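Chemist: Got a structure here, written out as structure tokens. Questions coming.
The values are calculated or read from the model by the stated rules, or taken from the named source; none is laboratory data. Since we're looking at a predicted model, the values are computed, not measured. FYI the Cβ positions are ideal-geometry reconstructions off the backbone, even for glycines, and counts take in every protein chain you see. With ligands, DNA and RNA removed, areas are computed over all heavy atoms of the protein, side chains included. Shrake-Rupley method; radii C 1.70, N 1.55, O 1.52, S 1.80 Å.
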Amino acid sequence: MKTVITYGTFDLLHYGHVRLLERAKALGDRLIVGVTSEDFDKQRGKINVQQSLAERIRAVEELGLADEIIVEEYEGQKIDDIRRYHADIFAIGSDWKGKFDYLKEYCEVVYLDRTEGVSSTGIRSEKTVRLGLVGASNNVEKVKREAAFVNGLLVAETWDEKEPLQAFLSRVDAVYVYSHPKRHEAEIRTALTEKKHVLVETPVTLSEETTEELFALAEKEGVVLMEALKTAFSTAYRRLILLLKGGKIGEIVSVDAVATSTEDYSKESKETLSEKWGSFEDWGPTGLLPVFDLLGTHPDSVRLFSKMHPAGERFDLFTKAEFSYPNAVASVKVGKGVKSEGELIVSGTKGYAFVPAPWWKTEFFEIRYEDQNRNERFFYRMDGEGIRYELVEFLKAVTKAGVHLEIDREVTGAISGMMEAFTNGEGLTVI
Ligand code: CTP
């Protein structure tokens, strides 16, 4: 009996997949199909697969060509599988020609001609969502670059403020609002009223009530409103939160996050500063994210300490926020005119989590204990600082493809609430 093995993502199963599996099956008596897991696809840079693993497995199963279906989860697994299942032939499409020659040591390798004119990427791109950019900043350039990796999403154009926003909106399906936070409210409201989906750079607005009202408006208009905070979409950060919530370091007693990026503000005036993002507006949401994710959005007390720019009343060069909870404390230190080590440390009764700088775009973290032999290190791939993943989730939400990920609404509200406290000077001491 001859066993054939083949692998693929098989997203949105199409004619090309069917033909490949038919021919692979015909090469022997038994066909094993390896379907890639979500994590493995992410690791190898394939980020916007639309169907879940379960859906893709079901689709392959329903074809009735596979005698066995396995999940491909890690690099190098093919060698393990070939040995374990005593595969005689490894078959794959000709787009991989030469890439799997190293398997010839273990079995026969056959490249089957790829079917012309059809691919999952093509199908995903058929219904392209036209994304307009609202706002000007260096980060907008990053968004443009990252959107190129997300099939089905096209950055159509950037809004030129000389044109009325409504007119611009008529040419796009969705917008990424990246303007100064004080403009968000008006721009989001206009976009939602025009029934355009909105991805907005954090903070959504500078008031919790307004943010909540805008989410209600989005629901009423039947469009998506999503907060963009790239760290929240990075695999390493998400896994860290899950591990900590699962009790990996015991009871969490302290969350301490630092994020800074120093610029020279010495020549700025009150007018020029009013168009710039202060430290708390810019870095605050990132620093607040692990605090709210781990300890909840209702601290007992919050104190803010800021060093302001001499020319701008509310332009903070540095802010430290201190929180107390019934059984824990937290601190967030952010600066654009003050530099510090951008690390995240979460202290618990059994150990602590250490995420080295820059923790907000990390691929790595360590869980440390008194007994160093128990220390564990975790690594995850990160592409495009997380922007790419957040665009993928937004696209999924817009196209209603599968289940999408988004920041907890309570966390979003609490972040806006903290911005409001800062703007109103609540609990704020100027140093
Ligand atoms: N395949 C094929 N003909 C096509 C598309 C895919 O023969 N038109 C083959 C691939 O070579 C591979 C298998 O089907 O052996 C599974 O491919 P997969 O990567 O899941 O499909 P693609 O359509 O190539 O996906 P994507 O566009 O996301 O890369």
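Chemist: Can you pull out the residues in segment 398-413 that are open to solvent by 10 Å² or more (accessible area, probe 1.4 Å) and part of a helix (DSSP H, G or I)?
Modeler: Passing the criteria: VAL398, THR399, ARG409, GLU410.
Chemist: What residue, of ASP95, ASP41, is within 30 Å of ALA397 (Cα to Cα) and either within 12 Å of the ligand (Cβ to nearest atom) or touching a His at 6+ places or on another chain (Cβ under 8 Å) (or both)?
Modeler: Matching residue, one of ASP95, ASP41: ASP41.
Chemist: Could you list all residues from segment 161-200 that are touching a Phe, Trp or Tyr at 6+ places or on another chain (Cβ under 8 Å), closer than 18 Å to ASN139 by Cβ and surrounded by fewer than 21 Cβ atoms within 10 Å (Cβ to Cβ)?
Modeler: HIS180
Chemist: Scan (1) at pLDDT 95 or above; (2) farther than 22 Å from LEU153 by Cβ; (3) not polar (S, T, N, Q) for the single condition GLU221 breaks and write down its number.
Modeler: Among (1) at pLDDT 95 or above; (2) farther than 22 Å from LEU153 by Cβ; (3) not polar (S, T, N, Q), the lone unmet condition for GLU221 is (2).
Chemist: Of everything in segment 110-142 that's aliphatic (A, V, I, L, M) and within 7 Å of the ligand (Cβ to nearest atom), which residue is surrounded by the most Cβ atoms within 10 Å (Cβ to Cβ)?
Modeler: Looking at residues that are aliphatic (A, V, I, L, M) and within 7 Å of the ligand (Cβ to nearest atom), I get LEU112.
Chemist: Here is a follow-up. Tell me, which strands (runs of 3 or more DSSP E) wholly within segment 1-90 include 2 or more residues that are over 23 Å from ARG114 (Cβ atoms), in contact with a Pro (Cβ under 9 Å, 6 or more places away or on another chain) and open to solvent by 10 Å² or more (accessible area, probe 1.4 Å)?
Modeler: none
Chemist: Suppose we keep only residues that are open to solvent by 30 Å² or more (accessible area, probe 1.4 Å) and touching a residue at least 12 places away in the same chain (Cβ under 8 Å) within segment 99-109. Which one would you say is farthest from the ligand (Cβ to nearest atom)? Let's see the steps before the verdict.
Modeler: First, the residues of segment 99-109 that are open to solvent by 30 Å² or more (accessible area, probe 1.4 Å): 99, 101-102, 104-106, 108.
If we keep only those that are touching a residue at least 12 places away in the same chain (Cβ under 8 Å) too, we end up with 106, 108.
Numbers: TYR106: 18, GLU108: 16 Å.
Checked segment 99-109; the qualifying residue farthest from the ligand (Cβ to nearest atom) is TYR106.
Chemist: Select from segment 8-27 the residues that are in contact (Cβ under 8 Å) with a residue 60 or more places away in the chain and more than 11 Å from VAL60 (Cα to Cα) and write down the one among them that is farthest from the ligand (Cβ to nearest atom).
Modeler: LEU27
Chemist: How about segment 369-397: which of its residues are open to solvent by less than 40 Å² (accessible area, probe 1.4 Å) and in contact with a strand residue (DSSP E or B) (Cβ under 7 Å, 6 or more places away or on another chain)?
Modeler: Answer for segment 369-397, where residues must be open to solvent by less than 40 Å² (accessible area, probe 1.4 Å) and in contact with a strand residue (DSSP E or B) (Cβ under 7 Å, 6 or more places away or on another chain): PHE378, GLU390, LEU391, PHE394, LEU395, ALA397.
Chemist: Still on this structure, I have one more. Being touching a helix residue (DSSP H, G or I) at 6+ places or on another chain (Cβ under 7 Å) and surrounded by fewer than 19 Cβ atoms within 10 Å (Cβ to Cβ) is the filter; apply it to segment 414-431 and report the residue that is modelled with the lowest pLDDT.
Modeler: Of segment 414-431, the ones touching a helix residue (DSSP H, G or I) at 6+ places or on another chain (Cβ under 7 Å) are 414-420, 422, 427-428.
Going one step further and asking which of them are surrounded by fewer than 19 Cβ atoms within 10 Å (Cβ to Cβ), we end up with 420, 427.
Values: GLU420: 96, GLY427: 92.
My answer is GLY427.
Chemist: Something else: Could you tell me whether ALA357 is modelled with pLDDT of 95 or more and in a loop (DSSP other than H, G, I, E, B)?
Modeler: yes
Chemist: Any residue at all in segment 368-375 that is closer than 27 Å to GLY246 by Cβ, free of Cβ contacts under 8 Å to residues at least 24 places away in the same chain and touching a Phe, Trp or Tyr at 6+ places or on another chain (Cβ under 7 Å)?
Modeler: Yes, segment 368-375 contains a residue that is closer than 27 Å to GLY246 by Cβ, free of Cβ contacts under 8 Å to residues at least 24 places away in the same chain and touching a Phe, Trp or Tyr at 6+ places or on another chain (Cβ under 7 Å).
Chemist: Same structure again: Of GLU263, GLU271, which residue is assigned to a loop (DSSP other than H, G, I, E, B), under 26 Å from SER179 (Cβ atoms) and at pLDDT below 95?
Modeler: GLU263
Chemist: Just to confirm my filter: which strands (runs of 3 or more DSSP E) fall fully inside segment 108-178 and include at least 1 residues that are under 23 Å from GLU227 (Cβ atoms) and β-branched (Val, Ile, Thr)?
Modeler: Where strands (runs of 3 or more DSSP E) fall fully within segment 108-178 and carry at least 1 residues being under 23 Å from GLU227 (Cβ atoms) and β-branched (Val, Ile, Thr), they are 129-134, 153-158, 174-177.
Chemist: Can you tell me which residue within segment 143-153, out of those that are more than 21 Å from LEU13 (Cα to Cα) and of a type outside the set (A, V, I, L, M, F, W, C), is nearest to the ligand (Cβ to nearest atom)?
Modeler: So the residue we want is GLU146.
Chemist: When you scan segment 219-231, how many residues do you find that are buried (at least 19 other Cβ atoms within 10 Å of the Cβ) and farther than 23 Å from ARG381 by Cα?
Modeler: Qualifying residue count, segment 219-231: 4.
Chemist: Using beta carbons and a limit of 8 Å, which pairs, at least six apart or on different chains, have the first residue in segment 135-160 and among the basic types (Lys, Arg) and the second one crowded, with 16+ Cβ neighbours inside 10 Å?
Modeler: If the second residue must be crowded, with 16+ Cβ neighbours inside 10 Å, the pairs left are LYS142/GLY384; LYS142/GLU385; LYS142/ILE387; LYS144/LEU133; LYS144/VAL155; ARG145/GLY384.
Chemist: Looking at segment 91-101 only, could you name the residues that are more than 31 Å from the chain's Cα centre (by Cα) and assigned to a helix (DSSP H, G or I)?
Modeler: Scanning segment 91-101 gives SER94, ASP101.
Chemist: Still on this structure: Looking only at residues that are open to solvent by 10 Å² or more (accessible area, probe 1.4 Å) and closer than 19 Å to PHE318 by Cα in segment 232-259, which one is nearest to the chain's Cα centre (by Cα)?
Modeler: Looking at the filtered set, the residue picked out is VAL258.
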